[in-house]
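Input: a single structure, listed below in structure tokens.
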Amino acid sequence: MGLTKRSLGVLTSLLVGLTVLFFCSDVLHNLDHWGQYDWDLFFFHTQSTYRSVAEFGELPLWNPWYLGGFPMIGNPQAASLDPFFLLDLLNGPIVAIKLKIIAHYAIGLGGMCWCCRQMGLSRLASVYAAGTFLFSTWLALHLHSGHLWSLAAVYIPWVVGLLYRGCRQLSQATYAGFVLALMVLEGGGAHVASLLGIVCGLLTLCWAIQQRSVRPLAALLIMGAFGAGLSAVKLFPALKLLGEFPRHTSVGGSGWSRYKERLSAAPSTPEEIGTVKGPTSAVASNENSGTLPFEASGITVAPQAKRRPSKRDPAAFLCKVFLGRDQQSNIRYFPIQGNGWQEYGAYIGPLAILLLAGCPLVLRTAWPWIVVAGFCFLMAVGNFSRFAPWALMHNLPVLSNMRVPSRFLIPFVFAACLLAGMVLDAIRQRLASRRDGPNRWVDVAAKFLVTAALIDSMTVGRASLQGMFPLSPPRIASPLPAITTIVGQQMHTTQAMLANYCVLVTAEVIPFPISVLPRDDPGYLGELYFVPDETERATTAGRVELESWSPNSVRVRVTAHAPGFVVLNRNWEEGWTALPPYRAAPFQGLIAARAEPGIHSMTFLYRPRVVLLGTIVSLVTLVLAAAWVLCTHFTTSANQ
């Protein structure tokens, strides 16, 4: 007796869960351990959000422990109050991050299988495409390096699958908008959602041509409108922050320019080859200066990477990207490599390469995916010529902030795995229709190849995931009663924050202006001080005492003997205000308010209007989406 549909679903879910647990087993070892590289920054973001909510009972709007004060809600890489934040509240941020990794692998694996089925692939081809996509090293390497934003990429199959359904029933595009909004709220808006938007735009254009209909374009507009509206509470502050302080990045990074320069004139010493130009902190980013050895940025230089570049390097590089079995993050394998290997590794295995060579078999029906895969691959290559796709598109508003075009490998692998599954089905159908052999041998051979390929992908991907959290929990100093500003060091941001220190040197790449002074600076006057109008009375004009503080507020008691300004050693941002009768204003880039002679109790609050506007837009969009979905459901039920 065959299994019922419900039993088959339960069995499939159990199998997916066990597979993911095996693949990510190393993540579950020592749940309290910390990671290296960029993990400090993302531990910091999650811990800051957790403290704002759990310790102070406030929404995570402003981060007082970061760069002298930073709009937390506007940081596109920092997750906001997404549904997975419940894990932080139940288990703490460190453990929650590891549980989120497990959950996202399962979500991505199930979503890719579902997406492939929507595209008409067989079960075998769907399982192969899903396993090859999720167990590829692109996600493992990014996570190993601490790129928590990469988890949002597991939603790509869900968005594309729902968008494809939306071409037939427009209300389905609303669900795609929900998933897109979730990607933004989880901190994947700057990297993943922007790439996905470009890919979906090209894909729907191809679908519109293929179907001779504008419905795919209408579905794209609906998805984009609801996605932007639902995520407006975070999207609007993020766009405002990036609009005011855009990053200035070189076209396509330095990989090709470095390769061409060294191909014609190699460095005289191996040490010169092992250097990378670029900032390593927010301070350096603002200054845009410095030449840093790879080792100083946490990247290990392999011996072969110190040799002179050759014309064979690009071909060897591509083989390493898609077929190299030794794939570890933060390693420089080639002299032409501009970043750590986490930005390039995307193992898909030899079977996928062979199947992609058979794309002409599905050219008539799958040409939109061939176009998307080719476009993403060319974008990922970067500025290989003056008219390369990335060199041209880097001038667009959003893409001008991006510095690593190789991240287009993520949607490329997605499209390539779908194509490989389509070709696999096409080959099976052709062989099964031949009269010189029974169909069952074709299925047995196909299942054997798929099983071997998935085991191979899991082996390589699991090895890339090993050792992600090798550090024992550090000792945290007793928290100070109030925040104190220090210079800090790049890899100690989280520890400093938990002890109530605000660090000025981090790995942030948004050039946010820093006006505060650390306590060891000669001009440091304290975290609170009074500046009188008459400079000669500076020492006797007034005194400022801290009464209470939280991430989004500060209350002080002021005793002023002369008119002047009460100054907080925190960066000014226009969202800051003061309760009447006082008025917050910038003073030399810091938060301040004017006070007349007398005793005052001042309360400063961070209440940015853009967050209020975004909240209203998100709520209105949520109501509209729910109304549309319900109306569509009742209309469909009535017609049936």
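The values are calculated or read from the model by the stated rules, or taken from the named source; none is laboratory data. Here the structure is a predicted model, which is why all the values come from computation and not from measurement. Cβ placement follows ideal geometry from the backbone for every residue including glycine, while neighbour counts extend to all protein chains displayed.
Kindly check whether there is at least one residue in the stretch 37-48 that is polar (S, T, N, Q), out of contact with any Leu (no Cβ under 7 Å at 6 or more places or on another chain) and modelled with pLDDT of 90 or more.
The answer is yes; a qualifying residue exists.
Which of the residues spanning the stretch 460-478 are exposed (fewer than 14 other Cβ atoms within 10 Å of the Cβ) and either part of a helix (DSSP H, G or I) or over 28 Å from the mean Cα position of the chain (by Cα) (or both)?
Result: R475, A477, S478.
What do you reckon, is L11 in contact with a helix residue (DSSP H, G or I) (Cβ under 7 Å, 6 or more places away or on another chain), surrounded by fewer than 21 Cβ atoms within 10 Å (Cβ to Cβ) and more than 29 Å from F604 (Cβ to Cβ)?
In short, no.
With outside any helix (DSSP H, G or I), at pLDDT 65 or above and closer than 25 Å to F70 by Cβ as the only criterion, which of P237, P246 stands out? Outline the logic, then answer.
Numbers: P237 fails: outside any helix (DSSP H, G or I).
Just one listed residue meets the conditions, P246.
Collect the residues in the stretch 527-543 that are touching an Asp or Glu at 6+ places or on another chain (Cβ under 9 Å) and either modelled with pLDDT of 85 or more or under 22 Å from Y606 (Cβ atoms) (or both), keeping them in residue-number order.
L528
For the stretch 402-412, check the following and say yes or no: at least one residue is closer than 27 Å to G68 by Cα and either within 23 Å of the chain's Cα centre (by Cα) or at pLDDT 90 or above (or both).
Within the stretch 402-412 (the criterion being closer than 27 Å to G68 by Cα and either within 23 Å of the chain's Cα centre (by Cα) or at pLDDT 90 or above (or both)), the answer is yes, since at least one residue qualifies.
Return the total of residues in the stretch 479-503 being touching a Pro at 6+ places or on another chain (Cβ under 6 Å) and either part of a loop (DSSP other than H, G, I, E, B) or more than 30 Å from N401 (Cβ to Cβ) (or both).
The number of residues fulfilling the criteria is 4.
Could you look through the stretch 291-312, keep only residues that are under 27 Å from the mean Cα position of the chain (by Cα) and modelled with pLDDT under 75, and pick out the one that is surrounded by the most Cβ atoms within 10 Å (Cβ to Cβ)?
F294
For the stretch 592-635, which positions are surrounded by 18 or more Cβ atoms within 10 Å (Cβ to Cβ), in contact with a Gly (Cβ under 7 Å, 6 or more places away or on another chain) and farther than 30 Å from Q172 by Cα?
Answer for the stretch 592-635, where residues must be surrounded by 18 or more Cβ atoms within 10 Å (Cβ to Cβ), in contact with a Gly (Cβ under 7 Å, 6 or more places away or on another chain) and farther than 30 Å from Q172 by Cα: A595, Y606, P608.
Can A181 be described as within 25 Å of A627 (Cα to Cα), under 18 Å from the mean Cα position of the chain (by Cα) and of a type in the set (G, A, S)? Explain how you work it out, then say what you get.
Working: within 25 Å of A627 (Cα to Cα): yes; under 18 Å from the mean Cα position of the chain (by Cα): yes; of a type in the set (G, A, S): yes.
Spelling it out, A181 is indeed within 25 Å of A627 (Cα to Cα), under 18 Å from the mean Cα position of the chain (by Cα) and of a type in the set (G, A, S).
Pick from V544, V531, V567: which is touching a Phe, Trp or Tyr at 6+ places or on another chain (Cβ under 6 Å), free of Cβ contacts under 8 Å to residues at least 24 places away in the same chain, part of a strand (DSSP E or B) and surrounded by 17 or more Cβ atoms within 10 Å (Cβ to Cβ)?
On inspection, the qualifying residue turns out to be V544.
Yes or no, residue by residue, for (1) modelled with pLDDT of 95 or more; (2) crowded, with 24+ Cβ neighbours inside 10 Å; (3) at negative phi:
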| site | (1), (2), (3) |
| --- | --- |
| A130 | yes, yes, yes |
| S145 | no, yes, yes |
| L162 | yes, yes, yes |
| S171 | no, no, yes |
| R212 | no, no, no |
| L217 | yes, no, yes |
| L220 | yes, no, yes |
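Which one of the conditions (1) within 26 Å of S406 (Cα to Cα); (2) not in a loop (DSSP other than H, G, I, E, B) does W114 fail to meet, given that it meets all the rest?
The single condition W114 does not satisfy is (1).
How many residues does the stretch 51-84 hold that are assigned to a helix (DSSP H, G or I) and under 20 Å from S231 (Cα atoms)?
Residues in the stretch 51-84 being assigned to a helix (DSSP H, G or I) and under 20 Å from S231 (Cα atoms): 4 in total.
Working carefully through the options L109, L99, L124, find the one that is in contact (Cβ under 8 Å) with a residue 40 or more places away in the chain, within 19 Å of the chain's Cα centre (by Cα), in a helix (DSSP H, G or I) and farther than 19 Å from R165 by Cβ. Can you show your working first?
Numbers: L99 fails: in contact (Cβ under 8 Å) with a residue 40 or more places away in the chain; L124 fails: within 19 Å of the chain's Cα centre (by Cα).
Sole residue among the options that is in contact (Cβ under 8 Å) with a residue 40 or more places away in the chain, within 19 Å of the chain's Cα centre (by Cα), in a helix (DSSP H, G or I) and farther than 19 Å from R165 by Cβ: L109.
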